[in-house]
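Participant: Dropping a structure here in structure tokens format, bear with me for questions.
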Amino acid sequence: MTELQRLLQAYDAYRAAGQACALASVVAVAGSAYRRPGARMLVTDDGQLTGAISGGCLEGDARQRARRTIQQGRPALITYDSTDPDDDLQFGSALGCQGVVQILLEPLDFQNPDNPMELLRRWAAGEEEVGVLATIYSVEGAEGAAHVGQRLLLTSSGQLTGNLGVETAAYEAVLADARAALQAGQPATRRYTLGAGGIHVSLEVLRPPVRLTVYGAGNDVQPLVRLAAGLGWRVEVVDGRPAQAQAARFPEAESVRVLPLEQVPQQPAADSFALLMTHNYYYDLAVLRHLLPGPARYIGLLGPRKKYERLLSDLQQDFPAAAGRLAGRVYSPVGLNLGAETPEEIALSVVAEIQAVLAGRPAGFLRDSPHPIHPPLQADALHLADGRVEAVCSL
């Protein structure tokens with residue numbers, strides 16, 4: 001289950017019970033921080049928490065402030081600043097992160113179809129598209145021109161929804177920047193000048209869950225499916241053996257199908273991540289032949305390197321350009337070099353490799369990387385009028 005799915009589940013329970021709640025969202029970050037823009041946490045009026053906006057150091061203070069926004073019925077922007085490490089450790093939030101994190105706290109109106117949770121629900125329930133969610137999180141000296149909490153959701157198909165209407169000041173500029181963020185696949189924060197004031201907008205990139213097709217339904221696939229599903233990935237298990245391809249063996253999978261070898265070529269072209277774990281040479285060959293012309297960006301093959309070399313040799317008899325079509329897409333032997341031995345360890349190495357490919361990262365030890373853990377965000381100047389909040393790690 002993804003973090004968003006957990007939040008929606010909790011939101012629905014609170015709405016059914018009539019229990020007031022607020023949403024805390026990370027909208028801007030400068031420097032180092034545990035979570036990035038888009039991290040969210042639900043807070044009820046009696047202090048129950050779902051989700052996380054940090055590693056635990058901000059939640060206690062944010063919970064109290066979120067409950068206050070429920071009582072007051074209006075949003076608030078909170079700034080946590082730990083850029084002075086000595087001062088922060090002694091007097092501030094004790095983060096030690098040397099960064100600035102801004103949290104937007106909003107009481108949720110269950111009757112408003114455009115409240116942020118309902119907007120996110122509509123995106124998650126639609127087609128599996130990348131989207132950009134633009135959120136006005138600060139209005140300074142431009143009251144009436146725009147309002148904190150107004151949002152615009154743009155999907156890759158061009159669909160627009162939300163309560164940021166065309167009559168809103170800076171609408172066209174926000175839409176243009178949302179399109180740029182969508183094309184680049186990179187979040188950003190922007191400031192737009194309106195008269196003597198301005199508004200600050202967070203541009204969050206929304207990505208659908210990973211789709212992973214696992215060919216093979218042996219016992220070694222079970223821990224991999226559990227781990228991948230735990231990350232919120234949508235996993236399909238496919239095998240030619242009816243005795244193995246049973247839903248009861250893979251309760252976490254979205255679907256389990258029996259697919260005889262001779263029917264593999266008739267399947268639609270797959271664009272998901274694919275894993276070949278059948279332990280059957282000819283089934284693997286049929287699947288590779290099927291995936292060869294398709295758009296699948298990752299094909300993991302269980303087994304020694306010599307197995308892939310033989311498979312490639314057989315493929316090239318019918319497709320001389322097979323090596324070029326599969327170059328950069330086949331990972332064999334599959335998985336990161338973790339010294340994995342057991343099925344659970346192998347599952348960890350494979351899922352970690354897919355995550356690295358998904359994020360465009362080389363894996364390896366973070367301590368050996370000269371780069372920041374997270375790429376820098378595209379950001380205009382942060383709005384710090386709210387000043388610094390003193391908080392302690394109290395959860």
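Participant: Need the full-extension length gain, residue 157 to residue 46, defined as separation in residues times 0.36 nm minus the C-alpha distance. One decimal, nm.
Facilitator: Length difference between fully extended and current span is 35.9 nm.
Participant: Project the alpha carbons of segment 189-233 onto their principal axes and report the range along each, largest first, in whole Å.
Facilitator: 66, 15, 8
Participant: Within segment 160-240, list the GluC sites (Glu not before Pro) lying in a DSSP loop whose Cβ has at most 16 other Cβ atoms in a 10 Å radius.
Facilitator: Details: sites: 167, 172, 204, 236; in loops: 167.
Those that pass, being in a loop and sparsely packed, are 167.
Participant: While we're looking at this one, here's another question. Show the residues, 5+ positions off or on another chain, whose built amide H is closer than 5 Å to the amide H of residue 28.
Facilitator: Sorted by chain and number, the residues that satisfy this are 102.
Participant: So what's the angle, to the nearest 10 degrees on a 0 to 90 scale, between helix 305-318 and the longest Cα principal axis of the chain?
Facilitator: 70
Participant: Once you order the gyration tensor axes a ≥ b ≥ c over the Cα atoms, which shape class does segment 1-110 get: rounded for a/c under 1.5, otherwise prolate or oblate by comparing a/b with b/c? Working shown, then result.
Facilitator: Details: a/c = 2.41, a/b = 1.80, b/c = 1.34.
Prolate.
Participant: If you take the charge dipole of the chain about its Cα centre, with +1 on Lys and Arg Cβ and -1 on Asp and Glu Cβ, which of 198, 299, 225 is farthest toward its positive end?
Facilitator: It is 299.
Participant: Per DSSP helix of 4 or more residues, -39500 (n - 2.57); summed, then divided by the residues of the chain. What does that give at 222 nm, rounded to the nearest 500?
Facilitator: On the way: 10 runs with 117 residues, N = 395.
One gets -9000 deg cm²/dmol as the mean residue ellipticity at 222 nm.
Participant: For the residue pair residue 281 and residue 186, what label-to-label distance in nm results when each label sits 7 Å from Cα along the Cα-to-beta-carbon direction?
Facilitator: 4.8
Participant: Within a 10 angstrom radius of the beta carbon, how do 272, 138, 157 rank from fewest other beta carbons to most?
Facilitator: Least to most surrounded, the residues fall as 157, 272, 138.
Participant: About the Cα centre of segment 211-367, how large is the charge dipole given +1 on each Lys and Arg Cβ and -1 on each Asp and Glu Cβ? Please answer in debye to the nearest 20. If you can, show how the numbers build up before the last one.
Facilitator: Working: 16 positive and 15 negative charges, 69 e Å.
Roughly 340 debye, rounded to the nearest 20.
Participant: How many angstrom separate the Cα center of segment 9-64 from the Cα center of segment 176-237?
Facilitator: 19
Participant: Dividing the convex hull volume of the alpha carbon atoms of segment 112-208 by its residue count, what do you get in Å³ per residue? It would help to have the intermediate numbers written out before the result.
Facilitator: On the way: hull volume 8.2 nm³, N = 97.
It is 84 Å³ per residue.
Participant: If you line up the Cα atoms of the chain on their principal axes, what length do they span on each, largest first, in Å?
Facilitator: Result for the chain: principal-axis Cα extents of 70, 47, 42 Å.
Participant: If you don't mind, another one. As a test of the definition: which semi-axes, in Å, follow for segment 232-283 when you take the square root of five times each eigenvalue of its alpha carbon gyration tensor? Largest first, please. List each step's numbers first, then the result.
Facilitator: Numbers: eigenvalues 61, 44, 21 Å².
Calculated on Cα positions only, the semi-axes equal 17, 15, 10 Å.
Participant: Can you pull a Stokes-Einstein diffusion coefficient for segment 211-367 at 20 °C (1.002 mPa s), Rh from Kirkwood over Cα pairs, as a whole number of µm²/s?
Facilitator: Here the translational diffusion coefficient equals 136 µm²/s.
Coordinate-derived values only; no laboratory data. Not measured: the values here are computed from a predicted model. Every residue, glycine as well, gets a Cβ built from its backbone with ideal geometry; the counts of neighbours run over all protein chains shown.
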